[in-house]
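Chemist: A single structure is presented below for examination.
The values are calculated or read from the model by the stated rules, or taken from the named source; none is laboratory data. Note that the structure is a prediction, hence the values are computed from the model and not measured. Heads up, the Cβs are rebuilt from the backbone with ideal geometry, glycines too, and the neighbour counts pull from every protein chain shown. Note: areas computed on protein heavy atoms with side chains; ligands, DNA, RNA excluded. Shrake-Rupley method; radii C 1.70, N 1.55, O 1.52, S 1.80 Å.
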Amino acid sequence: MLRYDSLRSADCNRVLMQGTAAAVNTPDGAGASLRAADDAALCDTAKSEAIKLDLYHLVWIFAVCSVLGLIGETVVSYFVDGRWENRAGFLWGPFSPIYGVGGVLMTLALARLSDARGGVLFGVAAVVGAAFEWFAGWFWENAFGIVAWDYSSQPFNLGGHTCLGIALVWGAAGVAWVKLALPVMQRAADTVPNAWRAPLAWGLLAFFLVDTAVTFAAFDCWMNRLAGAEPADAVQRLFAAHYGNDVMANRFQTMSMYPCLAGFRG
């Protein structure tokens, strides 16, 4: 299991000093035993509070962030736009993968900086988050002609895919993630029995990979139909029958698709 110990040596030294202070008032043999017990307790505490980067915890972060991100965005957009919209990012399930990937990226990027000053965390999170959002927007546009968000009217934007204001939001979110949300999420993940973790992680990972592949295929067929191409093979006919234009437009209500923007298609 890969982990990064967030308690570090400072906490170890503090607990060791406490154990030593308690030991001076006991007989030599008992004092040695007490120190050994304190050392073991420290190690257990450090392991339980470490930022865990193993497959199970990363898949857990992706799944939970994808669900909570979708719920949060849906609620916020209702108060902003005055209507309920389906803001899912996968064809199957209540998931918005941009939040899941964002949570995993923030965890990986900030794991070794969790004891750094807030300004350092903020800056790294702002850069990582803005870079990720720019890449996601650029990819969707060039792969499928999809415009899922547009910041072209905002100052200091990069191709309309991200902007300075959103980078600042990512910075604040990264600090809150490491200091507040991630420890709670990891403690929740640790309540799952060890015997269930590997099957759960691999099962969810397999589902998300299949969901991603099917979603990409559905986008590709949708884009071709909007470009005026008739379904030419069995796969395209299958998607046209089960995931036609109306179904796709209803599922991805906040996405606009313009086949002419799909730069990867020439």
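Chemist: What's the total number of residues in the range 150-183 that are of a type in the set (F, W, Y) and over 18 Å from the mean Cα position of the chain (by Cα)?
Modeler: The total comes to 2.
Chemist: Against the conditions (1) open to solvent by less than 50 Å² (accessible area, probe 1.4 Å); (2) among the polar types (S, T, N, Q); (3) part of a loop (DSSP other than H, G, I, E, B); (4) free of Cβ contacts under 8 Å to residues at least 60 places away in the same chain, where does N224 fall short? Just the number, please.
Modeler: (3)
Chemist: List the number of the failed condition for W202; all other conditions in (1) at pLDDT 95 or above; (2) in contact with a Gly (Cβ under 9 Å, 6 or more places away or on another chain); (3) open to solvent by 70 Å² or more (accessible area, probe 1.4 Å) hold.
Modeler: Evaluating W202 over (1) at pLDDT 95 or above; (2) in contact with a Gly (Cβ under 9 Å, 6 or more places away or on another chain); (3) open to solvent by 70 Å² or more (accessible area, probe 1.4 Å) leaves (2) as the failure.
Chemist: I need a count of the residues in the range 89-111 that are within 21 Å of G171 (Cβ to Cβ) and among the aromatic types (F, W, Y).
Modeler: Residues flagged as within 21 Å of G171 (Cβ to Cβ) and among the aromatic types (F, W, Y) within the range 89-111 amount to 1.
Chemist: Next question. Considering each of V76, V80, V64 in turn, give the residue that is out of contact with any Ser or Thr (no Cβ under 7 Å at 6 or more places or on another chain) and either at pLDDT 95 or above or aromatic (F, W, Y) (or both).
Modeler: None of the other options fit; the residue is V64.
Chemist: Mind counting the residues in the range 227-263 that are over 23 Å from the mean Cα position of the chain (by Cα), part of a loop (DSSP other than H, G, I, E, B) and within 24 Å of D150 (Cα to Cα)?
Modeler: Of the residues in the range 227-263, 3 are over 23 Å from the mean Cα position of the chain (by Cα), part of a loop (DSSP other than H, G, I, E, B) and within 24 Å of D150 (Cα to Cα).
Chemist: Right, something else. Just give me the residues in the range 105-136 being over 22 Å from G165 (Cα atoms) and either within 14 Å of the chain's Cα centre (by Cα) or in a helix (DSSP H, G or I) (or both), in sequence order.
Modeler: L108, A111, R112, L113
Chemist: Looking at F90, F122, which one is open to solvent by less than 30 Å² (accessible area, probe 1.4 Å) and modelled with pLDDT of 95 or more?
Modeler: F90
Chemist: Okay, moving on. Name the single residue, out of those in the range 137-163 being assigned to a helix (DSSP H, G or I) and out of contact with any Leu (no Cβ under 6 Å at 6 or more places or on another chain), that is most open to solvent (accessible area, probe 1.4 Å).
Modeler: W138
Chemist: Among the residues of the range 227-258, count how many are open to solvent by less than 50 Å² (accessible area, probe 1.4 Å), farther than 30 Å from H57 by Cα and among the aromatic types (F, W, Y).
Modeler: Of the residues in that region, 1 qualify.
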